[in-house]
Every structure is written in structure tokens, then in C-alpha cells.
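Taking it in order: structure first as C-alpha cells, then the write-up.
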Amino acid sequence: MTLLDPDKQTAEDAASLAGEAGDAGTDAIMVGGSTGVTQGKVDDTVLAIKGAAKVPVILFPASAGSLSPHADALFFMSLLNSKDPRLIVGEQRLAAPVVKAWGLETIPMAYLVVEPGMRAGEVGHADLIPRKTPFIAIQYALAAQMLGMKLVYLEAGSGAPEPVPDKLIRAVREAIGIPLVVGGGIRTEKAAGAVAAAGADIVVTGTIVEVAREGDALRRIVEAVKAV
Ligand code: 1GP
């Protein structure tokens with residue numbers, strides 16, 4: 001899946017990036033960002049992307065204020081390792097009646113931020129999961145499954161120097177029965193292939209799509225993931 005941040009480019013540019021990502025084989029476009037995202041920007045970006053890409057558009061919101069009725073679905077996420085209840089259930093409480101009124105499809109997802117966490121860790125007030133302590137990630141992931149969530153997302157943070165470690169991905173994959181999403185710091189086909197081989201069912205890239213416009217970096221990443 002490809003992540004586009006509505007705060008990082010115009011809606012028109014997001015649409016052309018989404019079109020390129022779709023051509024490169026991505027399975028869905030995620031729309032969201034940690035800071036500076038308004039509902040107006042989300043609406044404009046989602047509508048522009050819907051006009052340009054054939055793949056589903058799924059919201060990946062930082063708060064109840066960055067939703068749009070025009071998306072195909074919403075990752076209804078809880079940052080389980082946040083120290084702030086607002087990010088575990090507070091924003092969700094505010095969003096729920098709006099989402100119900102819109103009739104937007106919700107996909108319940110546990111969002112787990114792993115060291116270094118980057119901006120997601122900061123704005124999420126995350127009690128970061130240590131890279132070398134898989135059992136903490138397993139505890140959260142199992143709890144997510146038992147709470148009825150449909151996906152677990154291991155996030156190293158956008159722009160992280162390294163993706164989530166293979167050992168941690170493998171440990172979580174072996175512990176749970178629901179699909180595992182991994183993102184943050186994945187910029188090469190080698191890294192993407194390693195993350196998929198370790199057990200990620202869904203691999204998310206953001207930064208590479210914004211910086212590698214002219215190259216076929218994303219196509220190579222998608223091929224590496226799908227070859228596993
Ligand atoms: C989104 O972490 C991913 O949650 C995106 O990370 O920008 O490093 O690809 P990158």
C-alpha cells in the first residue's frame with residue numbers, strides 16, 4: 001500500500017502520484033499524516049485521488065479531524081502503546097458518530113509504534129516498543145487480536161533510518177492469526193522484500209513515492225513484496 005500525506009503536496013500532485021503508484025502495482029492508497037492535516041485537505045486529496053487511481057482509497061487518520069466521507073474505507077485505528085488515552089479511544093469516540101452517519105466502512109486496526117517512531121511516536125505520545133524486545137510487541141498484538149481488531153500495524157515511523165527489525169516482525173507474525181501491516185523506513189526493494197519475507201502481509205511505503213517520481217523505485221518495491 002502507498003501512503004500519501006495530504007499536507008505534503010497539492011491534491012493534484014497527490015492524484016498524479018496515486019496514478020503512478022497504481023500503475024506500479026500498489027494495492028491501495030492510504031491517505032493520512034501526523035501533522036498539519038485538515039479535513040479540507042483530506043477531502044480535496046481523496047477526491048482527486050479517486051479520480052486518478054483505480055485502487056481503493058483508505059483513510060489513515062491522526063485524529064477525528066482528518067476524515068473524509070469520500071474515501072472507500074477508514075482504518076479505525078487505536079494507538080495501543082500511546083500514553084495518551086485520547087489516541088487510544090478519545091479521537092475514536094469523537095469520530096464514531098460522524099463515521100456512522102457517513103456510512104463509511106471501518107477496518108479496526110491496532111497501531112503499534114516501534115523505535116525510533118519518528119513523528120508518529122512524538123505526536124502519538126508513544127511508549128515506544130523497543131526494537132530488541134519482541135515479546136512486548138507480541139503482547140500488544142495478541143491483545144489487539146483478542147479485542148477483535150482485524151489488522152496489526154507495526155510502525156517504525158515515516159523516514160525511519162531502518163524498518164522494523166525482521167526478528168520482531170517474525171515474532172509477531174508467528175503469534176497472531178490476523179494480517180500484519182509493516183511500515184516506516186522502507187525505501188528499497190531489498191528492505192521491502194525482507195519485511196515481506198519476515199511475515200508482513202501488507203507493506204506500506206510513503207517517502208519513497210514522494211521522492212522517486214521519475215524512477216521506477218516503487219515498481220521494484222511492489223515486485224519484491226509480491227515475489228515473496
Ligand atoms: C507510514 O511509516 C509509513 O506509516 C511510511 O513510512 O515514509 O518511511 O515510507 P515512510
In the range 135-228, what GluC sites (Glu not before Pro) fall in a loop by DSSP, with at most 14 other Cβ atoms inside 10 Å? 214
Förster radius 35 Å - calculated FRET efficiency between residue 122 and residue 227 (Cβ-Cβ, nearest 0.05): 0.50
Pairs beyond 18 Å (Cα-Cα), from 41/150; 50/150; 167/190: 41/150; 50/150
Please compute the Kirkwood hydrodynamic radius over the range 2-226, one decimal place, Å, based on all pairs of different Cα atoms. 17.2
Straight-distance crosslink candidates among aspartates and glutamates, where the alpha carbon sits under 19 Å from residue 226 and sequence neighbours closer than 8 are dropped: 20, 23, 27, 166, 189, 201, 216
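By how many nm would the segment from residue 211 to residue 88 grow when fully extended, if each residue of separation counts as 0.36 nm and the alpha-carbon distance is taken off? Kindly include the intermediate steps, with their values, before the conclusion.
Details: separation 123, 0.36 × 123 = 44.28 nm, distance 3.18 nm.
Length gained between residue 211 and residue 88: 41.1 nm.
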Please tell me the relative contact order of the chain in percent, rounded to the nearest whole number, where contacts are Cα pairs under 8 Å and at least six residues apart. 16
Quick check: pseudo-label points 7 Å beyond the Cα along Cα→Cβ at residue 7 and residue 107, how many nm apart are they? 2.3
Please give the charge dipole size of the chain, origin at the Cα centre, charges +1 on K and R Cβ atoms and -1 on D and E Cβ atoms. Round to the nearest 20 debye. 560
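We did not get these values from a lab; they are worked out from the coordinates using the rules stated. Being a predicted model, the structure only gives us computed values, none of them experimental. Reconstructed Cβ throughout: ideal geometry from the backbone, glycine too, with neighbour counts over all protein chains shown.
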